[in-house]
Amino acid sequence: MTCYISLIVYRLLEKKVGEEFTCDQIIQTLRYMNITLINTAGGYIPSYTRTELTDTLHQVFGFRTDYEIITKSTMRTIIKNTKNVHKKEI
């Protein structure tokens, strides 16, 4: 069951980005889209290289993580919104 659901999620991601990228490209990109905490008061900075796929993912899912510094409040909002989208799709 887990494998089946994983394959469906891969395919849905592929469809969401317009089938321009393969599942392997999407998974690799998501795996390496790390964000680093600068310090407890400062916020976060992206630790990944921006690509056409990362730009497409940002556009499709409606949030950006490739700014110079992402404040903690903005990061909390992004996380909250992803949880809300997840609940709506279920």
Cα-based helix-to-principal-axis angle, 72-89 vs the chain, degrees rounded to 10: 20 degrees
Solvent-accessible heavy-atom area per residue, rounded to whole Å², over segment 1-83 at 1.4 Å: 72 Å²
HN-Hα J in Hz across segment 7-20 - Karplus 6.51, -1.76, 1.60, θ = phi - 60°, x for Gly and Pro: 5, 5, 4, 4, 5, 5, 4, 4, 5, 4, 8, x, 6, 7
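Rounded to a whole number, what % of the accessible area of the chain do carbon and sulfur atoms account for, probe 1.4 Å?
Result for the chain: 57 percent of the exposed heavy-atom area is carbon or sulfur.
Give the Kirkwood hydrodynamic radius (Å, one decimal) of the chain, defined as one over the mean of 1/r across all pairs of different Cα atoms. Can you show the working numbers first?
Working: mean 1/r = 0.0695 Å⁻¹.
That comes to 14.4 Å for the chain.
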Per-residue SASA entry for GLU19, accessible area with 1.4 Å probe, Å² rounded to 10: 100 Å²
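The values are calculated or read from the model by the stated rules, or taken from the named source; none is laboratory data. Predicted, not measured: the structure shown is a model, and the values here were computed from it. Accessible surface is based on the protein model in full, side chains and every heavy atom, while ligands, DNA and RNA are left aside. Shrake-Rupley method; radii C 1.70, N 1.55, O 1.52, S 1.80 Å.
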